[in-house]
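Values quoted throughout were computed directly from the atomic coordinates according to the rules given, and no laboratory measurement underlies them. The structure presented is a predicted model; accordingly, all values stated were derived computationally and were not measured. Quick reminder, even Gly has a Cβ in these numbers, built from the backbone with ideal geometry, and neighbours come from all protein chains shown.
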Ligand SMILES: [Zn+2]
């Protein structure tokens, strides 16, 4: 049929096709502009990965200042250091934004089996826990392996120390035991709770992390013990022994203190009122030095601005780095940003958080419309040279979520090879030696390219 058509008719049809084609192949039409960014993306990747600047800056933070629990003098020092360093980088509008944060103090703590044999336990009190009486408490242990078993034995828990020894499956699932174990055991009269550490089996390391008490409910001390110690107690009980543990914790909460989010910008050259946020949280737990959680995330987010500035690549829109305070035990930094920036949330084009470690980058998590996902996938394709071109489900960062929800802002999370993350998460082993400088530089490159292209896109990414 086509072969028999007159030339004129074919020409006429072609004209119609030319008009229709863009509608028929939206992928090419809506993301073709990304091709223009291949050259700048290559320059940004090369600059971010040509040395170990990011790793060395992280070492200044973790070796020079140490861990950064909310309310600690170390966090105050880290905030002042970050603001001063941002100014040295030549970032614009560098300032701190006041946030009142809880001040939980761990104090001295210990736990030991006293029956059937005397053995010290590798333990860490859970964040926001109350302490024990000054001289500690001693009680028989009752073991459960999940909340169903706990409820089934509600009548057996009075006066006991409950050990929640649920196998580690995934962080979201297993961390419920740490979060809610104390509140649920307290309801049935338990005097304390021990939780099997939330993480894959390691080298007898306890993992801390926050617990949540029920409003108006009894508050009992909560601590994590290493998986090896949890299994030791379980074996003793299985053999028919009565296990008695002695727990001593000085933990307490003092009145809220002043802290701050640290903010710096590279102002947009055409639409400075439109904002792309890159971020990580500067606070950490008080064990290890918060290198992976989340000093590394802070530095690679910040690198986006430093690298663009160094290359003289100023995007159309403003790129703003925010180093959040108090992610670990309160989330007050993210909430304060939402409240303090309410009037401009509508002008936030995207918010990105790096809080999954800075191991080999894979791409970004994003939850939102298919159209936006398609745009982000096209941008991420620029990261193929460093293996970071995936767009996967996710995108929730603890600190960006309050603003992103309220402002309907596209939210992205840096996704990395997380196989090592939960081994060291919230432990004494969260130190910079676990971080490979080349992998960290690639994370910085991924953050830089994603932020740059979203901020410079001809049309606002929605
Ligand atoms: Zn974190």
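Exposure proxy shown here: for 442, 98, the number of other Cβ atoms within 10 Å sets the order, fewest to most, as 98, 442.
If R0 is taken as 45 Å, the Cβ-Cβ distance between residue 252 and residue 148 corresponds to a FRET efficiency of 0.85.
For the chain, adding -39500 (n - 2.57) for each run of n ≥ 4 DSSP H residues and dividing by the number of residues yields -11000 deg cm²/dmol at 222 nm.
Which angle between 0 and 90 degrees, to the nearest 10, do you get for helix 296-311 versus the longest principal axis of the chain when only C-alpha atoms count? The angle comes out at about 30 degrees. Spin-label pair residue 231-residue 96: with each label point 7 Å from Cα along the Cα-Cβ axis, the two points sit 4.5 nm from one another. Please determine, in degrees from 0 to 90 and to the nearest 10, the orientation of helix 370-380 with respect to the longest principal axis defined by the Cα atoms of the chain, where the helix direction is its Cα long axis. The answer is roughly 90 degrees. Rg and Dmax of segment 93-156, based on Cα coordinates, read 18.5, 62 Å. Going from the fewest other Cβ atoms within 10 Å to the most, the residues 128, 135, 436 appear in the order 135, 436, 128.
Among DSSP bridges having both ends in segment 278-422, what percentage is antiparallel? Round to the nearest 5.
Counting only bridges with both partners in segment 278-422, antiparallel ones make up about 30 percent.
The distance separating the Cα centre of segment 137-156 from that of segment 410-462 comes to 40 Å.
Ellipsoid fit via the Cα gyration tensor, segment 217-294: semi-axes of 47, 18, 11 Å, each the root of five times an eigenvalue, largest first.
At q = 0.10, 0.19, 0.21 Å⁻¹, what is the log10 ratio I(q)/I(0) for segment 105-227, with the Debye formula run over Cα points and no solvent? Summing over Cα pairs of segment 105-227 leads to -0.26, -1.02, -1.27.
Entry for segment 283-374 at q = 0.13 Å⁻¹: log10 I(q)/I(0) = -0.57, Debye formula applied to identical alpha-carbon scatterers, no solvent contribution. A simple spin-label model places the labels of residue 393 and residue 342 3.3 nm from each other, with each point 7 Å out along Cα-to-Cβ. The order of 153, 188, 426, 408, going from fewest to most other C-beta atoms within 10 Å of their C-beta, is 408, 153, 188, 426. The angle between the Cα long axis of helix 7-24 and the longest principal axis of the Cα atoms of the chain comes to about 20 degrees, rounded to the nearest 10.
Quick one: grab the alpha carbon gyration tensor of segment 28-185, order the square roots of its eigenvalues as a ≥ b ≥ c, and give me rounded if a/c is under 1.5, else prolate or oblate depending on whether a/b is larger than b/c.
Values: a/c = 2.95, a/b = 1.89, b/c = 1.56.
Because a/c hits 1.5 or more and a/b exceeds b/c, segment 28-185 counts as prolate.
Using a cutoff of 8 angstrom between alpha carbon atoms and counting only pairs six or more residues apart, the relative contact order for the chain works out to 21 percent. Taking the inverse of the mean reciprocal distance over all distinct Cα pairs, the Kirkwood hydrodynamic radius of the chain comes to 23.8 Å. Once both labels are positioned 7 Å from their Cα atoms along Cα-to-Cβ, the gap between residue 155 and residue 46 label points is 7.6 nm.
The spacing between segment 80-112 and segment 352-389, judged by their C-alpha centroids, is 28 Å.
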